[in-house]
């Protein structure tokens, strides 16, 4: 009997909720249920169950209506973006450099990705940054805009635009072919060789395969074009192979159970980028590479050892680079450091003891990059103001202040390696960032 009453009430509620004035209809259902409880026909517990079932049925119906209104392919598209506000202070010493500088900057990025077919996906993103004119004058390693233009509107550039094809190939877990403007397809542990804002113009292939539980292999390869207007196109091609190992997935202790070792070796081969070519104007190279560095064949191995300690993620990493074609001994670079924590979820004052586990992350690394170790234009733009011929320490911490927002601070103490080269002899840099994603 009770189930019959429940079915009738739910059916009636759904029927009247389909008409205009849904809020009024729901209130009428509440009145009806209250009357039934008063007369002893329905218990309070059953009335609560009926309300929950009505809510669940209504939510399911709303979802079905949304699916009918919005075509299925459109529901699979994802839009996302972020805004970063930065306050930056730099204390600098060196030729042509002011003793200090204080500036405020903004980064805005917004884009989408979505499937065209089950195996074909497109991606695009716009971002702030300095625009290029006819292929010259832009900054490939920065999406920042400084508040220094007397309120002149800021530039928006095409940051990503690519097509990704993922064919099903027997014997391999996943294969992806990418063409267009895309993110760095290689795995990295830090910005020793590649700045995090650098996008590649060209094509790449990525392969991943699990050999067995706890053993995953991955590789990537491709090429990037620097100036197709030359008779001999300036470009570079690259390849990387690596593995991720989880040696003790069934161990009892947390540290050993979650212990992972990930490593890879990459090789980058530059073509037609010697200083005598007009492409120098196109790619706006920094002055840190020596004039004799007419070729770059870079070997770049990286390793990361990670696990958790008391539920806190921790990791140690090492990164090394050598230009085997450098004419001098200034051809090595390395980076090592550690990181701990995770900046999510948002910090709350009622869970202060849990801050070390959730809501905060931090780290440190040391870096040394000799003059001809890597192609200077694509190295970290924030480390001693970019380029090569530098060494120093970087400390950082990030707090998850609100849902989808973080507050971070970074402190870098850097200097030149070869002081005979004109440039920044020494720089202390402090960056404070507010980042909101949406």
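The values are calculated or read from the model by the stated rules, or taken from the named source; none is laboratory data. For clarity, every value in this text was computed on a predicted model and none was experimentally measured. Here Cβ is always computed from backbone atoms with ideal geometry, including for glycine, and neighbour counts include all displayed protein chains.
For this structure, a couple of remarks:
- Condition check for residue 159: at pLDDT 95 or above, in a strand (DSSP E or B) and closer than 30 Å to residue 101 by Cβ: yes
- Test: residue 116 is within 21 Å of the chain's Cα centre (by Cα) and at pLDDT 90 or above: no
- Residue 115 assigned by TED's automatic domain parsing to the domain that holds residue 267, surrounded by 17 or more Cβ atoms within 10 Å (Cβ to Cβ), in contact with a helix residue (DSSP H, G or I) (Cβ under 9 Å, 6 or more places away or on another chain) and in contact (Cβ under 8 Å) with a residue 40 or more places away in the chain: no
- Whichever residue in the stretch 368-382 is surrounded by fewer than 24 Cβ atoms within 10 Å (Cβ to Cβ) and more than 18 Å from residue 325 (Cα to Cα) and, among such residues, is farthest from the chain's Cα centre (by Cα): 368
- Any hit, the stretch 290-303, residues being modelled with pLDDT under 95 and not in a loop (DSSP other than H, G, I, E, B): no
- Hits in the stretch 119-142 (condition: modelled with pLDDT of 95 or more and either surrounded by 15 or more Cβ atoms within 10 Å (Cβ to Cβ) or touching a helix residue (DSSP H, G or I) at 6+ places or on another chain (Cβ under 6 Å) (or both)): 121, 122, 123, 124, 125, 126, 127, 128
- Scanning the stretch 80-101 for residues that are at pLDDT below 95 and either in a strand (DSSP E or B) or farther than 27 Å from residue 390 by Cα (or both) yields a total of 7.
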